[in-house]
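Enquirer: Take a look at the following structure, please.
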Amino acid sequence: VPHEGEDLIPQGRADALADSIVEGGYASLVLDRLVRQTCQVMDVEEASILVRDPTRWERVITVAGCGHSADAVGSRTGADKGLSGRVLASGEAGRSEDRAAVPIGWDDRVRGTLTARLTDPSRRFDKEGLARLSCLADTAGAALQHTEWRAELLSALPSALTNLVEAVDERDPYTAGHSAAVLELTAELGRCMDLKQLDLLELEAAALLHDVGKIGVPGRLLRKPAALDEREQALVRRHAVFGAGLLAAVTGLEAVANIVRFHHERWDGCGYPDGLAGEQIPMASRIVAVCDAYHAMTSDRPYSRALPVELARLELAACAGSQFDPTVVECFIDLQPAMERDGYGLLAA
Ligand SMILES: [Fe+2]
């Protein structure tokens with residue numbers, strides 16, 4: 001039996017995965033629905049999903065549960081305990097008097113279990129029941145695999161995409177470094193707005209790539225030292241949809257593409273490309289919009305001089321509720337003194 005040590009998954013990725021499955025987000029919603037379905041399909045009142053703790057392989061975390069098991073969600077125990085421990089060790093489905101457990105595998109390893117429990121003492125699990133439970137466990141495995149891929153991909157993303165971003169910045173020398181600055185501001189704001197680890201990774205990727213679609217905009221428009229006419233404006237505006245299209249073609253970046261598509265939407269619905277309003281606009285897009293505008297205002301542009309930091313802040317506050325989500329602006333302004341202390345103000349100045 002190979003020794004499956006703690007360093008099986010690199011720490012950063014393991015943390016991202018652990019966060020995403022334990023503390024909420026997409027995967028926990030899927031798993032939560034899955035245990036409910038298990039109760040329905042198996043006609044039982046209790047079901048739970050245990051997964052090996054990616055940071056400590058000898059422990060398991062209860063990542064989803066319904067019935068009595070719901071109370072255990074988030075708790076950790078030894079991976080060798082009880083029926084679930086036997087299933088984890090053997091990789092085979094197992095039954096006890098009132099329980100049935102099947103392995104959940106992904107990445108060619110048994111990494112969790114799905115357990116159903118009967119509360120009616122006159123009933124027993126039969127082979128057919130075990131087979132049904134195995135089908136449900138396969139779905140759980142696929143969801144967990146997907147989550148892990150997403151976390152892995154996103155953690156490897158910044159280096160892979162830096163080249164692309166540099167290519168955009170080169171076309172538009174006035175905004176060179178803009179993407180990196182928006183990334184810094186956005187990451188800080190996202191953390192202060194309590195985004196989950198995986199959402200933060202997506203937000204950061206989107207911040208870095210928000211203007212990637214500008215590689216599809218004629219360079220002379222990007223460098224034009226005067227206001228753009230209507231036709232030119234329409235061409236520049238295409239960068240949101242164009243960038244989203246580029247990113248959506250990359251497996252795993254679908255959510256990032258979505259954030260990029262909507263980074264020029266306005267809270268009042270008067271933005272582009274789709275005229276979404278309020279909470280229809282993804283939170284991450286609303287965060288990028290504020291940081292993007294702030295950095296643009298505080299930088300020298302082909303058509304305008306940089307605003308002093310205080311004026312830019314007043315301008316953001318004036319546009320809260322019309323252009324921007326007021327909550328995001330409020331959080332950004334609260335964060336400002338700390339950011340300036342850390343040198344973000346200098347970066348923008
Ligand atoms: Fe943009």
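The values are calculated or read from the model by the stated rules, or taken from the named source; none is laboratory data. Source: prediction; values computed, not measured. Neighbour counts are summed over all protein chains in view; Cβ atoms, including those assigned to glycine, are modelled from backbone coordinates with ideal geometry.
Yes or no, residue by residue, for (1) away from the ligand (no atom under 16 Å from the Cβ); (2) among the charged types (D, E, K, R); (3) modelled with pLDDT under 90:
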position	(1), (2), (3)
A142	yes, no, yes
D172	no, yes, yes
E230	yes, yes, no
H239	no, no, no
V250	yes, no, yes
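Enquirer: Okay, moving on. Would you check if L235 is without any contact (Cβ under 8 Å) to a residue 60 or more places away in the chain and within 15 Å of the ligand (Cβ to nearest atom)? Quick ask: steps written out before the conclusion?
Expert: Details: without any contact (Cβ under 8 Å) to a residue 60 or more places away in the chain: yes; within 15 Å of the ligand (Cβ to nearest atom): yes.
Taking the combined requirement at face value, the residue satisfies it.
Enquirer: Only residues in the range 300-326 that are free of Cβ contacts under 8 Å to residues at least 24 places away in the same chain and under 22 Å from A226 (Cα atoms) count as the first member; pair them with residues that are surrounded by 12 or more Cβ atoms within 10 Å (Cβ to Cβ) and among the charged types (D, E, K, R), Cβ under 9 angstrom, at least 6 apart or cross-chain, and list the lot.
Expert: Once the first residue is free of Cβ contacts under 8 Å to residues at least 24 places away in the same chain and under 22 Å from A226 (Cα atoms) and sits in the range 300-326, its partners that are surrounded by 12 or more Cβ atoms within 10 Å (Cβ to Cβ) and among the charged types (D, E, K, R) give L307/E315.
Enquirer: Enumerate the pairs (first residue in the range 68-84 and free of Cβ contacts under 8 Å to residues at least 40 places away in the same chain; second residue anywhere and exposed (fewer than 15 other Cβ atoms within 10 Å of the Cβ) and assigned to a helix (DSSP H, G or I)) with beta-carbon separation below 7 Å, excluding pairs fewer than 6 apart on the same chain, so at least 6 apart or on different chains.
Expert: D80/A89
Enquirer: Step by step: first the residues of the range 263-304, then only those that are among the acidic types (D, E) and within 15 Å of the ligand (Cβ to nearest atom), then the one that is nearest to G321 (Cα to Cα). Which residue is that? Let's see the steps before the verdict.
Expert: Of the range 263-304, the ones among the acidic types (D, E) are 265, 268, 274, 279, 292, 300.
Filter once more, so that each one left must be within 15 Å of the ligand (Cβ to nearest atom): 265, 274, 292.
Working: E265: 13, D274: 18, D292: 17 Å.
In this case the residue turns out to be E265.
Residue-by-condition table, conditions (1) under 19 Å from the mean Cα position of the chain (by Cα); (2) surrounded by fewer than 16 Cβ atoms within 10 Å (Cβ to Cβ); (3) β-branched (V, I, T); (4) assigned to a helix (DSSP H, G or I):
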residue: L195; (1), (2), (3), (4): yes, no, no, no
residue: E204; (1), (2), (3), (4): yes, no, no, yes
residue: K214; (1), (2), (3), (4): no, no, no, yes
residue: L246; (1), (2), (3), (4): yes, no, no, yes
residue: T251; (1), (2), (3), (4): yes, yes, yes, no
residue: I259; (1), (2), (3), (4): yes, no, yes, yes
residue: H264; (1), (2), (3), (4): no, no, no, no
residue: E279; (1), (2), (3), (4): yes, yes, no, yes
